[in-house]
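As structure tokens, the structure follows; a few thoughts come after it.
What follows is calculated from the coordinates using simple rules that are stated; it is not laboratory data. Bear in mind that the values here come from a model prediction, so they are computed numbers and not experimental data. Here the Cβ is made from the backbone with ideal geometry for all residues, glycine too, and neighbour counts use every protein chain on show.
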Amino acid sequence: MKKITPHVIRAMKGVEKIAVLTAYDAQMAHFLEEAEIPVILVGDSVGTTQLGYSSTIPVTMEDMISHTASVVRGCKTPLVVADLPFMSYQISTEQALRNSARLIQEGGCDAVKLEGGAIRADAVRALTENGIPVCAHIGLTPQSVKAIGLRVQGRGEEAARRLREDAKALEAAGAFAIVLEGIPAPLAKEITAELAIPTIGIGAGVHCDGQVLVISDILGLGGAYNPKFAKRYAEIGAAIAEAARTYKAEVTGGVFPDDAHSYLE
Ligand code: KIV
């Protein structure tokens with residue numbers, strides 16, 4: 001298969017729905033490539049899924065570069081999009097350029113993602129004009145958890161109008177795709193119809209041009225955490241605990257290692 005580019009993703013709008021998953025290391029990236037997932041997002045959800053934080057706020061550029069580089073080493077064809085973490089792009093356009101360049105040069109990703117609406121248009125324009133493809137992200141933006149909580153956004157006429165304007169401003173600034181997170185499905189449908197770039201939904205209903213989910217959520221690795229929008233496609237967490245329990249029983253019972261797992265001479 002040929003390397004997926006932002007151009008390929010844009011061209012999928014209206015032709016084929018786009019399935020995006022997060023990954024944080026080479027091993028998972030390898031499996032997602034095997035499943036022909038076209039876009040891998042190295043989300044700053046790495047903070048909650050891998051690093052034990054309660055939000056994405058503490059995630060650093062160093063965390064993102066390290067996990068992005070691992071994902072990039074694990075796959076060839078998917079488009080790898082890496083999140084700019086909290087306060088790595090909000091301070092100035094220059095800061096957004098510098099840190100995006102680090103994700104591309106040191107992490108090896110193909111594109112960056114940043115959160116926020118029209119207020120990010122200048123940064124998105126500067127990045128795209130300087131050769132860095134940008135995926136935008138509006139609606140329930142987890143880096144703003146302290147300001148907006150983890151509530152569905154865009155409810156009510158005024159809030160919906162603002163999100164539609166945000167989406168248009170980000171498209172005009174050059175974003176090649178836009179994540180719509182935690183918004184009512186009818187609003188996501190309207191935004192999707194109004195844009196020429198693909199919308200990638202998470203908790204935004206079926207009418208988006210694609211969907212993104214956090215890998216830990218679909219694999220049942222998140223324990224009791226089970227958001228309404230995240231369908232579990234496997235129970236890997238339970239399988240890991242069961243395998244570890246069986247291993248422990250065999251070690252303590254003197255059953256493992258048997259001859260088949262030993263060097264006998
Ligand atoms: O960090 C992340 O995984 C994300 C997705 C949930 C869209 O931003």
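For this structure, a couple of remarks:
- Close amide H pairs (under 5 Å, H built 1.01 Å from N) link Gly203 with Gly182, residues at least 5 positions away or on another chain.
- Projecting label points 7 angstrom from Cα along Cα→Cβ for Arg98 and Phe256 puts them 4.9 nm apart.
- Here is the list for segment 57-147: trypsin sites (Lys or Arg not before Pro) lying in DSSP coil, each with at most 14 other C-beta atoms within 10 angstrom of its C-beta, are Lys76.
- For segment 67-72, putting each phi into the Karplus relation 6.51 cos²θ - 1.76 cosθ + 1.60 with θ = phi - 60° gives couplings of 5, 5, 4, 5, 4, 4 Hz, in residue order, rounded to whole numbers and with x for Gly and Pro.
- Across segment 128-135, computed HN-Hα scalar couplings (Karplus, 6.51 cos²θ - 1.76 cosθ + 1.60, θ = phi - 60°) run 5, 5, 9, x, 10, x, 10, 9 Hz from first to last residue, x flagging Gly and Pro.
- Each residue of segment 145-150 was assigned a 3J(HN,Hα) from its phi angle through the Karplus expression (A = 6.51, B = -1.76, C = 1.60, θ = phi - 60°), giving 3, 5, 8, 10, x, 10 Hz with x at Gly and Pro.
- Whole-Å distance, taken between Cα centres, linking segment 27-49 and segment 77-116: 17
- Listed residues Gly222, Gly203, Gly107, most fluctuating in the chain (Gaussian network, C-alpha, under 10 Å): Gly222
- Loop-located GluC sites (Glu not before Pro) in segment 1-80 (DSSP state other than H, G, I, E, B) with a sparse environment of at most 13 neighbouring Cβ atoms within 10 Å: Glu16, Glu36.
- Across the chain, the relative contact order, built from alpha-carbon pairs under 8 Å that are at least six residues apart, equals 16 percent.
- Positive-end residue, segment 6-234 charge dipole about Cα centroid, Cβ charges, pick of Pro184, Leu163, Val80: Pro184
- The calculated FRET efficiency for the pair Arg151 and Lys248, based on their C-beta separation and a Förster distance of 51 Å, comes to about 0.75.
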